[in-house]
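K.L.:
Pasting a structure below so you can have a look.
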Amino acid sequence: MSLEIRSPAESDVPDWIRALNVGFHRSPSVAEGETAMRRPMLDLERTQGAFDEGRCVATFRSLPQELTLPGGGLLTASAITNVSVTATHRRRGLAGRMMATDLAAAKERGEAVSILVAAEYPIYGRYGFGPATWVTGWEIDIPRAALDRRYAGPDDGGRVDIATAAEVRKASPALFDRVRLRTPGTIKRSPLWWERTTGQTVFPSDGPWTEPFFAFYRGADGRIDGLASWEISESHWQDKLPTVEAKVQQLIGATPAAERALWRFLLSLDWVNRLTSGLRAPDDVLPLLLGDPRAAHTETHADFMWLRVLDTPVALSARGYGGGPAALVLDVQDPAGFAGGRFLLETDATGAARCTPTPAAPDLTLSVSDLACLYLGDESPVRLAALGRITEHRAEAARTADTLFRTPRRPWCIDVF
Ligand SMILES: CC(C)(COP(=O)(O)OP(=O)(O)OC[C@H]1O[C@@H](n2cnc3c(N)ncnc32)[C@H](O)[C@@H]1OP(=O)(O)O)[C@@H](O)C(=O)NCCC(=O)NCCS
């Protein structure tokens, strides 16, 4: 039997998409028109497939993505997606082989980190990835939330307006660029992303399109500072009492006022007694906007974006740090050989840093996966030291690392990719 891993040829693309649909339990086949819609997303040089006697049985691809870092810097990351192995060919090392090829190619291209959204927790740690952002989803029991039922809109000079899908397509990309620059962990949205979220392009495997409701928040100066979209996912009445659930699809704000106003607006929709937030940063303001935060039940709390450092000096020099001038020597262990070594991280009063190889004695030893957990500011080095995952060679070194790496607000990767 011939089994080969290679980039698909143009003529393999429909079968590659079929294998992806099978691997993700979407559909056993490819609907008419789907190949033409998905084809522009594929860079065949960065796409791999495993072919068994010519038939595609595994898929993998990556693309460059601009990632926002703590301090507001931007880094081109290699974003891995569409990883699937058909059930008939599982656990024969196909995913591992495609990953090894892709990571080596990303390193060669000079991409300092790879990122992905893990379908299941145990898959990617073995390749040097670690969870770099987490998400929380809440369900709000609105009658219990102790909100002022006379709420009549923002009192900060701003306003909330219902928007059409066409208005969203026009105004939101510029808004999102402002949002992502203030949100470490976030990546860019493509024009196709906006087309899909507003129904202009519907992939057959996405299922039937239902138009959501959209609203903008405009600040006192009239500028669009926020966007929310939601659907009514359940609605029935019994004994003249409504059971209505609003499901938030997205809520983004370029200012805290926009976030507050849009949440407050959604929490005050008449009839709605349950609101689901979608996946938010774990420290989203939502629960504390309620008079009674216990009315926010955690539905989901989980790891979301995983990251793999490929070039430690480039990655660590690109982000900003807290805590003023400091120096720390990190001994990074990476059995795959991409990012390991001993590095001196020197930060200045502005939060800028230089990271260079050093022969000096280390302050901390950590795995490349644990470096990923720290990279966007989410995890606490003190906590990892308590777990025995980070070794301190100098007293208080983990505490120093905590001051440097951890950010006041947690990073958030807003989108699945
Ligand atoms: C996850 C998936 C891609 C793994 O592919 P695969 O070719 O079976 O993986 P490999 O054979 O290369 O596995 C490498 C190692 O990872 C382990 N592994 C793979 N998938 C795992 C999972 N879901 N849970 C736990 N361990 C897993 C394997 O057991 C193996 O471990 P070993 O080296 O100790 O033997 C495949 O099962 C799949 O397509 N699943 C459904 C779709 C999916 O979840 N895709 C990932 C999207 S992010």
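The values are calculated or read from the model by the stated rules, or taken from the named source; none is laboratory data. Model, not experiment: these values are computed from the prediction. Don't worry about glycine lacking a Cβ; one is built from the backbone with ideal geometry, like all the others, and counts go over all protein chains shown. For accessibility, only protein heavy atoms count, side chains too; no ligands or nucleic acids. Shrake-Rupley method; radii C 1.70, N 1.55, O 1.52, S 1.80 Å.
K.L.:
Round to a whole number: what % of the accessible area of the stretch 136-301 belongs to carbon and sulfur, probe 1.4 Å?
P.N.:
The C+S portion of the solvent-accessible surface of the stretch 136-301 is 51 percent.
K.L.:
Still on this structure: Scan the chain and report its longest stretch carrying no GluC sites (Glu not before Pro) that are both in a DSSP loop and have at most 12 other Cβ atoms within 10 Å. The partial results should precede the final answer.
P.N.:
On the way: sites that count: 32, 53, 120, 396.
The answer is 121-395.
K.L.:
Could you check the spin-label model distance between residue 97 and residue 205? Points 7 Å from the Cα along Cα→Cβ, value in nm.
P.N.:
Result: 2.2 nm between the two label points.
K.L.:
Take every DSSP beta bridge with both residues inside the chain and express the antiparallel ones as a percent of the total, to the nearest 5. Before the final figure, lay out the partial values.
P.N.:
Working: 77 of 88 bridges.
Antiparallel: roughly 90 percent of the beta bridges in the chain.
K.L.:
What translational diffusion coefficient, to the nearest whole µm²/s, does the stretch 276-382 have by Stokes-Einstein, given a Kirkwood radius computed over alpha-carbon pairs, a temperature of 25 °C and 0.890 mPa s viscosity?
P.N.:
153
K.L.:
Oh, and also: Tell me which trypsin sites (Lys or Arg not before Pro) from the stretch 98-198 have a DSSP coil assignment and no more than 16 other beta carbons within 10 Å of their own.
P.N.:
Values: sites: 107, 109, 126, 144, 149, 150, 159, 169, 170, 178, 180, 182, 188, 189, 196; in loops: 149, 150, 182, 188, 189.
Loop-located and lightly packed - 149, 150, 182.
K.L.:
Ratio of Rg to Rh for the chain, alpha carbon only, Kirkwood?
P.N.:
Here the Rg-to-Rh quotient is 0.99.
K.L.:
Please list, in order, the residues from the stretch 37-55 whose amide nitrogen is less than 18 Å from a point placed 7 Å along the Cα→Cβ vector of residue 4.
P.N.:
44-55
K.L.:
Let me ask another. Using the heavy atoms of the protein chains alone and a 1.4 angstrom probe, what is the accessible area of the chain per residue in square angstrom? Spell out each step's value before the answer.
P.N.:
Details: 19180 Å² over 417 residues.
That works out to 46 Å² for each residue.
K.L.:
So what's the Cα pair-distance distribution over the stretch 136-301, bin width 5 Å, in %?
P.N.:
Calculated over all Cα pairs of the stretch 136-301, the distribution is 2, 8, 17, 20, 21, 17, 10, 4, 1, 0 percent.
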